[in-house]
Amino acid sequence: MVFGHGRNFEPTQAAQNEHWDQLNLSFNREVVDALNQARHTAHALVLKVSALDLARNARLLLDEAQRLGCGQVLETTVFADVESSSFKARLRLYPLQGMKGPRTSGEGLSIGAPLYTNERGFELNQRNLERLRPELLARTMSDEFLQSFVPASRTGAGASSAAAPAAVSAPGP
């Protein structure tokens, strides 16, 4: 499951909210496409910035993951971090726990601790926001994510397999 969720909701700023929704949707779609092209089955679930009920969002995510038989969630997000005067793009992989046996409505499912994080930060200004190409950024970050899961026999020592991903952090542009 490739889960995208916008942030930075402003009730009086419909155009701004739509802009963040489109950034997140484009970023998520490109990640899903990259995973599918690499022969990893990926299903998208993208919520709008106005989806503020976190408990409901988690239920939606867990229900859909269960319905599709997903064992992991790759979170995609592009958002402004006003405190640090930056905007960020992030991929974060989480395991889903409690997938054994029949369950209903996500009952018993939970999201585990992150296994992988790749985050880019950029100065929050109009010029950078206008120059942002979420598809290109997503493709680069997806390629890095996929490279972290290539078996060691194909890349030499130090790579991790998909069955046992390493915690990786890739800072900055």
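Only one of the listed residues (24, 57, 28) is under 27 Å from residue 110 (Cβ atoms), part of a helix (DSSP H, G or I) and touching a Leu at 6+ places or on another chain (Cβ under 8 Å). That residue is 57. Taken residue by residue, region 29-40 has at least one member that is crowded, with 19+ Cβ neighbours inside 10 Å and of a type in the set (Val, Ile, Thr). Would you check which residues across region 74-88 are among the hydrophobic types (A, V, I, L, M, F, W, C) and modelled with pLDDT of 95 or more and list them? Once the filter is applied, which keeps residues that are among the hydrophobic types (A, V, I, L, M, F, W, C) and modelled with pLDDT of 95 or more, region 74-88 yields only 74.
For the residues 81, 33, 63, 21, the requirement of being of a type in the set (D, E, K, R) and within 19 Å of residue 148 (Cα to Cα) singles out 33.
Without any contact (Cβ under 8 Å) to a residue 60 or more places away in the chain, in a loop (DSSP other than H, G, I, E, B), among the aliphatic types (A, V, I, L, M) and open to solvent by 50 Å² or more (accessible area, probe 1.4 Å) - does that describe any residue in region 60-77? The answer is no, given that none of the residues of region 60-77 is without any contact (Cβ under 8 Å) to a residue 60 or more places away in the chain, in a loop (DSSP other than H, G, I, E, B), among the aliphatic types (A, V, I, L, M) and open to solvent by 50 Å² or more (accessible area, probe 1.4 Å).
The values are calculated or read from the model by the stated rules, or taken from the named source; none is laboratory data. Only a predicted model underlies this, so the values are computations on that prediction, with no experimental measurement involved. Cβ coordinates were reconstructed from backbone atoms using ideal geometry, including for glycine residues, and neighbour counts include every protein chain displayed. Accessible surface areas use protein heavy atoms only, side chains included; no ligands, DNA or RNA. Shrake-Rupley method; radii C 1.70, N 1.55, O 1.52, S 1.80 Å.
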